[in-house]
Amino acid sequence: MDIPLCQSEHKPQLLLNDPAAISLYHTAPEKFAGALAPNAELCDAWAEELAPLPVGLALECPPEPDAEHCERPITMHYIEQCKEVFRPLLHDDAAFYYLHSAPTFPALRAAVLALGDLCGRTVIAELQVEDDEGHLPDGTDVRAAIGVLQRIGVTTVLISAHDPESLTQALEIAAPYARLSLGVRMHADWLSQTTLYNTEVIVPDITEAFVAALRGNQVACKTLPRDHDDFICAPDGKHAHFIAPTIDISDEIECGPHLDEDLIEAEDDSGAFKLLLETEEDVVTLEESRYMISRPLCLCAESADLLEQGLRVFPGLALYDGTWEQEDAVISYFETKYGMIRL
């Protein structure tokens, strides 16, 4: 496939993550975007030694709870679990936090929300791509994942893969739709086999090799033009959907015992589903039935608190069409916190 490229090319910068390579920063500071410390003690030391380079902390996402022995909704439980794990690791001198090793995309999103509840620092998130079609291990489209993350406060997404071909394909798929900074986590010996589309940051395995390559003009990022600026990216949590503001939305669908059948019936008549949340049990039903949601989702509730619960458990970007009108300040908060899309 012929890929239209912008003429300009730029060189990505490195995110230093190896204590043994700190000396390289002093010899080529322009090659580095920041440093990633493994713990608070090193964060302090690096912040002093590497100033003015921003130094952040890596945070490993915890395993998801056992669904059979967990209070519903599971997402709420996992958010609290993340907060318990992250809280003692947070550090005043950390310029940013790097979230990695999430077991699923919904878990990563929940971890981002948990971190947002705790602090207002810059968030970088890592996405592991499983195949050359840009899917994460749980089947989530990388475009859907980025579409969600960029609206809930993540400033940079770093993509990793098992091989250079899958990494190149993931960047090619994601780059035209990303409205945040893109980066990669990769091996130095992949340089000759990977096309770094729109890549701004690299987390290297061998820093010396990357610095040498940057100095030798061996690393350049090819720029893919943006696409779908005239449409709204409204992921359902797993698949990316690009919609117009005038999309047809179904009548209200109750989160009752026949939700699955109602969703199937609504597929033929509308471009988006509208789910009505009336009780906390409806939030549980929404979480348990999200695998059935294959269209953009509009959420409505008379209670702002209930609407927020729905927004916390839904792993995509929910639409808001004004049903059960909420205060403007509340909607603005939901837009910022959960990426809710006001039509």
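The values are calculated or read from the model by the stated rules, or taken from the named source; none is laboratory data. The structure presented is a predicted model; accordingly, all values stated were derived computationally and were not measured. Positions of Cβ are generated from backbone atoms using ideal geometry, with glycine treated the same way; all protein chains shown enter the neighbour counts. What goes into the accessible areas is simple: the full protein's heavy atoms, side chains included, and nothing from ligands, DNA or RNA. Shrake-Rupley method; radii C 1.70, N 1.55, O 1.52, S 1.80 Å.
Restricting attention to the range 48-72 and to residues that are at pLDDT 90 or above and more than 26 Å from the chain's Cα centre (by Cα), the residue that is nearest to V203 (Cα to Cα) turns out to be L50.
Looking only at residues of the range 111-126 that are touching a residue at least 40 places away in the same chain (Cβ under 8 Å) and over 21 Å from A47 (Cα atoms), we find that the one that is surrounded by the most Cβ atoms within 10 Å (Cβ to Cβ) is A111. Counting only residues that are part of a strand (DSSP E or B), more than 9 Å from the chain's Cα centre (by Cα) and among the charged types (D, E, K, R), the range 108-162 holds 1 of them. What do you reckon, is H135 within 24 Å of A175 (Cα to Cα) and either open to solvent by 10 Å² or more (accessible area, probe 1.4 Å) or in contact with a Lys or Arg (Cβ under 6 Å, 6 or more places away or on another chain) (or both)? Taking the combined requirement at face value, the residue satisfies it.
Taking the range 222-262 as the range and being among the aliphatic types (A, V, I, L, M) and either open to solvent by 60 Å² or more (accessible area, probe 1.4 Å) or within 13 Å of L276 (Cα to Cα) (or both) as the test, the residues that pass are I249, I253, L259. As a summary of the residue check, A94 satisfies the conditions (1) of a type in the set (G, A, S); (2) over 16 Å from the mean Cα position of the chain (by Cα); (3) open to solvent by 10 Å² or more (accessible area, probe 1.4 Å) except for the one numbered (3).
Taking every residue in the range 207-233 that is over 20 Å from G183 (Cα atoms) and pairing it with any residue that is of a type in the set (S, T, N, Q), at least 6 positions away or on another chain, the pairs with Cβ-Cβ distances below 9 Å are C233/Q150.
For the range 322-333, the condition of being small (G, A, S), free of Cβ contacts under 8 Å to residues at least 60 places away in the same chain and surrounded by 21 or more Cβ atoms within 10 Å (Cβ to Cβ) holds for none of the residues.
Looking across the range 97-107 at every residue that is surrounded by 17 or more Cβ atoms within 10 Å (Cβ to Cβ) and of a type outside the set (S, T, Y), the one that is nearest to the chain's Cα centre (by Cα) is identified as F105.
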